[in-house]
Amino acid sequence: ALNGNVATLGRSFDPEGLVIDPRNGHFLVSDEYGPSVYEFNRRGALLAVFQTPANLVPKVSGNINYVTDRDGGLNAGRQDNRGFEGLAVTPDGKTLYAVLQDPLVNEPSPNNGRNGRNLRIVVFDNNPKSPTYRQSTAQYAYQLELQADILARIIAAGGTGTATDPRQGRNIGLSAIVALNDHEFLILERDNRGLGVDDPAGASVTGSKRVYRIDITGATNIASLPLPNDGNLAAAGITPVTKSAVFIDLAANTVLPNGKRAEKWEGLTIGPRLRGGSFLILAGNDNDYSVTQTGSGVQFDVYVDFNGNSVQRDLDQPTQFNGIEVGPVPTGYVLIPGVLHAYKASASDLAGYQPPLDDEHDDDHHH
């Protein structure tokens, strides 16, 4: 909120997705708070804010409220802390695709988005010559994997959970999207389990850290349509985006000691073409700076040993806790690391992939 006005979005933002406009090198950023999409030049100056569709804006009884959560009466728009998570730009730079992390708070209604399966992919016009430039032109439905199937994998691997843990439309969601061409994408879907600041022991068994290939061809534009409360899109005449079998299972590979798996896989990109014609795909996690905080907002560094143990220290003070000298961090403990996985995909794996244009002519370049 700006100056305490809950109906005015504040100046701070939570950048979750970043792509480069291939035509001019500008930075396009998706933000979780609004949800919003911003454009910055190469010097970091804000150039424009894209127009967020009204049905995504958080509201309490019809009144815009960027601050409150579901318990505080939020009953329309994006869930708190579940706004735009991923952002993709088509190879020609003319269209953006932003993904909400989870369903809208009112889909299903009332206030039951956290148990929903269907979320929205939002399309923005990024063509300066178009009459709808920087406006949204479509929305498509994406179906998360059924919680029951994820839970079954967790149980089979020796973990525990319930019908609401992980919760369908709150703890399972989308984290990243990458354009293959103007209608196909790679998309990263994950649960909230694994080693992170909320589970420094890494004790929770993961059930979903997966990359899928999706296609929007033939999907229904739901920009003006509410999604059905029972979740049955077919009965409502809505066709979601098509979703492939698993393209990459991120949990099948881990570089952390003792088989620990990172919690927040949130980065995905296609790198350069490799020798032999294959492509590099990179996936990375968000380690939250290895920082946690108390209910009163006091923050601490978190150190782990990958054997189920952790200690906390004051920020950048590895010998103190709560301002009291407690000795150095024990040997073998480290801050929760960032993790980067590299995969090789053949040309057939990425059939139809079109690399972004590479136009070096714009006012932000200096030759």
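The values are calculated or read from the model by the stated rules, or taken from the named source; none is laboratory data. Keep in mind the model is a prediction, meaning the values are calculated, not measured. With ideal geometry, Cβ positions are generated from the backbone for all residues, glycine too; neighbour counts draw on all protein chains shown.
Couple of notes before you dig in:
- Taken together, the residues in region 148-202 that are under 19 Å from the mean Cα position of the chain (by Cα) and farther than 28 Å from Pro337 by Cβ amount to 6.
- When region 24-48 is filtered for residues that are aliphatic (A, V, I, L, M), farther than 14 Å from Glu85 by Cβ and in contact (Cβ under 8 Å) with a residue 40 or more places away in the chain, the ones remaining, listed by number, are Leu28, Ala48.
- Condition check for Asp21: over 23 Å from Pro355 (Cβ atoms) and among the acidic types (Asp, Glu): no
- In region 140-172, the residues that are out of contact with any strand residue (DSSP E or B) (no Cβ under 7 Å at 6 or more places or on another chain) and assigned to a strand (DSSP E or B): Thr162, Asp165
Okay, residues lined up against (1) surrounded by fewer than 22 Cβ atoms within 10 Å (Cβ to Cβ); (2) among the charged types (D, E, K, R); (3) more than 20 Å from Glu263 (Cβ to Cβ):
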| position | (1), (2), (3) |
| --- | --- |
| Ala148 | yes, no, yes |
| Ile155 | yes, no, no |
| Gly173 | no, no, no |
| Ala176 | no, no, no |
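- Test for Asp80: is it modelled with pLDDT of 95 or more, out of contact with any strand residue (DSSP E or B) (no Cβ under 9 Å at 6 or more places or on another chain) and under 17 Å from Asp102 (Cβ atoms): yes
- Check on Asp71, at pLDDT below 95, more than 17 Å from the chain's Cα centre (by Cα) and among the charged types (D, E, K, R): yes
- Number of the condition not met by Arg275 [criteria: (1) modelled with pLDDT under 95; (2) surrounded by 14 or more Cβ atoms within 10 Å (Cβ to Cβ); (3) part of a loop (DSSP other than H, G, I, E, B)]: (2)
- Qualifying residues in region 1-15 (those that are in a loop (DSSP other than H, G, I, E, B) and among the polar types (S, T, N, Q)) - the one surrounded by the fewest Cβ atoms within 10 Å (Cβ to Cβ): Asn3
- Leu96 meets all of the listed conditions (1) among the aliphatic types (A, V, I, L, M); (2) free of Cβ contacts under 8 Å to residues at least 60 places away in the same chain; (3) closer than 27 Å to Val211 by Cβ; (4) outside any helix (DSSP H, G or I) but one, namely (2).
- The set of residues from region 295-352 being of a type in the set (Asp, Glu), surrounded by fewer than 17 Cβ atoms within 10 Å (Cβ to Cβ) and more than 30 Å from His183 (Cα to Cα) comprises Asp316, Glu325.
- Here the condition is being of a type in the set (Phe, Trp, Tyr) and under 17 Å from Asn126 (Cβ atoms); of Phe50, Phe13, it holds for Phe50 alone.
- Unmet requirement for Asn115, which otherwise passes all of (1) within 19 Å of Glu145 (Cα to Cα); (2) buried (at least 24 other Cβ atoms within 10 Å of the Cβ): (2)
- Sole residue being part of a loop (DSSP other than H, G, I, E, B) and touching a strand residue (DSSP E or B) at 6+ places or on another chain (Cβ under 6 Å), chosen from Pro103, Pro91: Pro103
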